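The structure appears right after this line, and notes come after that.
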Ligand SMILES: Nc1ncnc2c1ncn2[C@@H]1O[C@H](COP(=O)(O)OP(=O)(O)OP(=O)(O)O)[C@@H](O)[C@H]1O
Ligand SMILES: [Mg+2]
């Protein structure tokens, strides 16, 4: 049994609070040079140094040592308090003996022990001040990016049935497979979201449950996130349309930064139209994939969408147009007409494969996973690669359809609409 009373760091803390802490600590030893935890990892525990020294190191500062901690010092408190990933790496400077307290026990203790909670807060405040001045020395006052920043990609269309949800599932799967990173699909189609069905999941909890939590925390997120067998996580839409009112723009403004810190790619599916929560999602997005079909009404709505973005002061938001259903029986416009009308080239085209798509969707299967060699699966794979590399897929992989001669008369219709 360890008695913390003898450590100066805990002087002045009432005995009964210390004995509560003593009852939940677990001893741990590390050899010199071993990493105790690494920057960016989940924050699982709080540590007290019993013997030896621990170096706290900032990876993005080329391994700058922030502090060397000795017997009686503690570390790891920040991550377990705000449940965010580790913001620095802890390494054993020599052989070290530690006392470890799991995050959940630590938070419960903070709630019960006011003196202990105050001691931890004072340490966090002091370290924060020290780190800011060190940062200013290192970077001449220029702030560096501290928290992991995943990319938020919003998929949308102003025309229903354009293949937004199908694209979300297939791209989510391909992003996870190709990048090996963590991917979260968010069903922002808040009234009639389909992603759980399309991924063959029966959600016990949904975004509506998260919206009713008193505080949006990582623990609350863990309770509602679904881990699918395709390697992506899913935040499902409410089971009943009337719960959609809970999922306001403000809710997503809080949720997305938390997801960025935890995932490499956040893919948000949305329903057609500009209603809530789409404006907030667009404001939070790093980029938009806009799905349009090669039909006149779809092209008109895509153009109107660009106008809405301009009104929202979001003209700088990167919008990638994806032509879905290219080469299909219902194609009435060719790529040239579409691109000319949009004023930008399309990012990629997805060929039309109605039978395979419908069959996979209704079975709750992801086509890219089941039949990766299909043309349509290869098109999704090329888009995912482009998103990872930050480059548009090469022309060969955009697979522009050729346009039947008899459709040229449609140009007149397009011209008449000012398209
Ligand atoms: N490339 C494609 N080829 C053929 N069919 C497709 C393709 N992409 C999607 N579909 C089909 O189009 C239909 C609508 O797809 P999906 O549900 O993904 O669209 P959505 O834009 O999410 O629709 P909603 O507006 O209802 O949310 C589905 O039946 C799907 O299988
Ligand atoms: Mg949909």
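Read the figures in this text as sums done on the coordinates, not as results from a lab. Keep in mind it's a predicted model, so treat the numbers as computed, not measured. Positions of Cβ are backbone-derived with ideal geometry, glycine not excepted, and every protein chain shown enters the neighbour counts.
Note on the chain: GNM, Cα springs under 10 Å; of 129, 262, 385, the largest mean-square fluctuation is that of 129. Multiplying the residue separation of residue 355 and residue 29 by 0.36 nm and removing their Cα-Cα distance gives an extension gain of 111.4 nm. From most to least packed by mean Cβ count within 10 Å, the peptides 39-50, 159-170 give 159-170, 39-50. Each peptide in 375-381, 176-182 receives the mean, over its residues, of other Cβ atoms within 10 Å, and ordering these scores from highest gives 375-381, 176-182.
Could you tell me what percent of the DSSP beta bridges with both partners in the chain are antiparallel, to the nearest 5? Display every interim value, and only then the final one.
Details: 26 of 53 bridges.
Taking every DSSP beta bridge with both residues in the chain, the antiparallel ones total about 50 percent.
Note on the chain: GNM, Cα springs under 10 Å; of 99, 289, 278, the largest mean-square fluctuation is that of 99. Restricting the calculation to alpha carbons of the chain gives Rg and Dmax of 26.1, 90 angstrom.
Where does each of 328-339, 184-195 land if you order them by average Cβ count within 10 Å, highest first?
Answer by packing, highest mean first, reads 184-195, 328-339.
Normalised by residue count, the range 2-55 yields a Cα convex hull volume of 108 Å³ per residue. When the chain is treated as a GNM, springs tying every alpha-carbon pair under 10 Å, which of 122, 261, 326 comes out with the largest mean-square fluctuation? Highest fluctuation among the options: 122. The angle between the Cα long axis of helix 354-363 and the longest principal axis of the Cα atoms of the chain comes to about 40 degrees, rounded to the nearest 10. From helices alone, the chain scores -11500 deg cm²/dmol at 222 nm; the rule is -39500 (n - 2.57) for each run of n ≥ 4 DSSP H residues, then divide by the residue total.
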